[in-house]
Amino acid sequence: MTQSLNALFSPETSPHPAELQPFRLLCDSLFFYALPDSSSPLPDKAGQQQPWTGYTPVHLSEKEQARFQSLAHELKGHEVEFHGGLLASLSAAHTDRDEASSGALASSLRAGAKPADPQKAEDEALWQAMLILKLAEMFREEQREITQGFLAISDKEAELFAAIRGEETEEGGEDEEEKQALGELAAATAVSGPTINLVRLARAWGCLYLRDAKAKEIPLLVTTHQELQGLLTEAYEALTGRVPRQLVSLALPNRTGSEDDDALLERFRTDTEAAREHFSRLLLGVGAGGTIAAERLTELQGAGNDLNRTALPFLQNSPDEKAMRFYAYEGTSFRDLFARLSGARVAEPRKDTETTTALLAVLG
């Protein structure tokens, strides 16, 4: 019996399709969080259904959603001002978010009013989390735009250098090296002003995760941030006194931005279907249990080796490859881990019957 391997992308909202591409090689479906103000959804190709789905994990009232959209628009162009310590004192108790200008709102936030009502405190934490995630979206979009600008400059410089040398512009050689250098410079200098650190981002994302009723149906969390694994490890050690177990490492081809990405993906999934489904079934079995028997771990690692052997031809034709490492937090759910990470008190503690071992895949 075939089991689908579904995954939830973390800790960012509305990721770029290129960030999801490597995970599509293995996962049958990918989900990610989208904020109420998502103004730039992932592009749809000719109306076809995509293997990824963005959804809002917390349903706001119509009035609160309008408030968030209004404030998100106010943030545009004032990201640095709001990031500079103001979000830490954001309070949902303010009643004039709709009319407040960025300057007036910043002044009111500096007052640091704290709601005494527990429900208001929860609402405050949710608003703070969503705005942090919105700021992160803005920074990433700015970074992509600057990177594209540097690459455009690189192309123009290649043409100019070729004209000076009296040559036709060619791909490769020194021009390609110059383009790569400019691309690296773009990545290093993309964001002006302070950036949002991953600790704050993970806590904000976890605040939404704790309110997401659908999350328990998705057994695997995937990320491109190795630091997230470290944060969850610290939370796991604090809860259990143990360290998570690294299950297996998969070598996957990395192709981004090429026109044949979809064709490559289809061939990869077709040629590795048997090995991939066997690995997914065993991985889901590990997630469904509270402890990992030595025999089950050995079987899973063997399935991972089989999948790596099947994928070897694709690695030979790939300019780069990525390692996807899987970790298991035995007997603990992500609900417990993110509650510990964010310092939140989880109401109505429950034992997850669907998944009692949290599974994390880190692409690096």
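Rule-based calculations on the coordinates, nothing more; no lab input. All of these numbers come straight from a predicted model, not from anything done at the bench. Glycine also receives a Cβ, built like all others from the backbone with ideal geometry; neighbour counts cover every protein chain displayed.
Quick notes on this one:
- Sorted largest first, the spans of the alpha carbon positions of region 206-271 along the three principal axes are 45, 28, 21 Å.
- Local electrostatic count at Glu237 - Lys and Arg +1, Asp and Glu -1, tallied over other residues with Cβ under 15 Å: 0
- Amide proton proximity set for Thr13, modelled H, under 5 Å, gap of 5+: none
- Were the residues from Ala323 through Glu237 laid out at 0.36 nm apart, the gain over their Cα-Cα distance would be 28.5 nm.
- Label-point gap, in nm, between Ala293 and Gln226 - each point 7 angstrom along Cα→Cβ: 3.4 nm
- q = 0.14, 0.20, 0.22 Å⁻¹: log10 I(q)/I(0) that the Debye formula gives for region 232-332, counting C-alpha atoms only: -0.63, -0.99, -1.10
- At full extension, Lys120 and Ser70 could sit 16.0 nm farther apart than now, given 0.36 nm per residue minus the alpha carbon distance.
- The string of couplings for region 7-12 from the Karplus curve (6.51, -1.76, 1.60, θ = phi - 60°) is 9, 10, 7, 8, x, 10 Hz, one whole number per residue in order, with x for Gly and Pro.
- Other-chain or far-sequence residues with amide H under 5 Å of Leu247's (modelled H): Phe326, Tyr327, Ala328
- For Val222, the residues whose modelled amide H falls within less than 5 Å of its own, excluding neighbours fewer than 5 places apart on the same chain, are Leu8, Phe9, Ser10, Ala361.
- Estimated vicinal HN-Hα couplings, Hz - region 21-35 in sequence order (Karplus 6.51, -1.76, 1.60; Gly, Pro = x): 3, x, 6, 5, 4, 10, 8, 7, 9, 10, 10, 8, 8, 10, 7
- Cβ-based net charge around Pro57, under 13 Å, with every Lys or Arg adding one and every Asp or Glu removing one: +2
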